[in-house]
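This report refers to the structure that appears directly beneath it.
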Amino acid sequence: MNALPATAALLVIDVQQAIDDPVWAKYGPRNNPGAEDNIAALLAAWRRSGRPVVHVRHESVEPGSTYRPGQSGCDFKPCAAPLAGETVVAKHVNSAFIGTGLADTLRAAGAQCLVVCGVITNNSVEATVRMAGNLGFDTWLVEDAAFTFARPDYAGRLRSAAEVHAMSLANLAGEYCTVVTTGELLALL
């Protein structure tokens with residue numbers, strides 16, 4: 001792995017209070033309990049290096065969503081709260097590129113390389129990473145700075161959060177992104 005360019009943007013997806021609502025863990029606990037610590041470490045390193053940081057906030061239009069604006073669930077978790085001057089992109093669907101102008105914002109900043117972390121691995125993270133790859137961005141997914149929850153597969157078999165996470169990474173690795181750990185990535189800065 002080579003050093004990351006000075007314009008490599010850190011994309012922090014949906015790290016909001018909503019994800020702590022018990023509704024998300026109805027089938028079992030999440031994986032990567034240290035993800036928020038890793039996200040905080042990535043943010044600190046990005047800020048020190050002067051590289052661009054983009055925070056994605058999910059603002060759901062679904063009436064029962066824990067991510068609905070106007071409630072505390074829509075607030076960023078303290079570990080991922082934007083600082084003054086950092087870009088915040090509001091999205092209403094799973095991909096951070098749909099209806100947000102994110103691709104134009106990144107290109108205007110000269111960011112052809114994206115480093116992605118956040119939640120939920122098999123939903124907003126996967127949708128955003130796929131689209132980033134399709135749009136031609138050199139995309140890196142930090143596997144231990146993302147997490148998901150247990151859920152049943154299409155056949156009804158309950159899959160652990162670790163299994164769901166691993167399958168999502170398998171879907172993305174190679175074709176859409178490079179999968180790395182926080183430690184590997186920090187060593188490249």
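FYI, it's all coordinate maths here, none of it is from the lab. Just so we're clear, the structure is a prediction, and the values are computed from it rather than from any experiment. Reconstructed Cβ throughout: ideal geometry from the backbone, glycine too, with neighbour counts over all protein chains shown.
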Cβ under 15 Å from Ala170's Cβ, Ala170 left aside: what net charge do those residues give with Lys, Arg +1 and Asp, Glu -1? -3
Take every DSSP beta bridge with both residues inside the chain and express the antiparallel ones as a percent of the total, to the nearest 5. 15
Note to self: C-alpha centroids of segment 19-35 and segment 78-95 sit apart, in Å, by 21
Linear extension gain, His92 paired with Ala173, 0.36 nm per residue minus alpha-carbon span: 26.6 nm
Which value, in debye to the nearest 20, gives the size of the charge dipole of the chain about its Cα centre, when Lys and Arg are +1 and Asp and Glu are -1 at the Cβ? 120
Springs between alpha-carbon atoms under 10 Å, Gaussian network over the chain: tell me which of Asp153, Asp144, Asp20 tops the mean-square fluctuations. Asp153
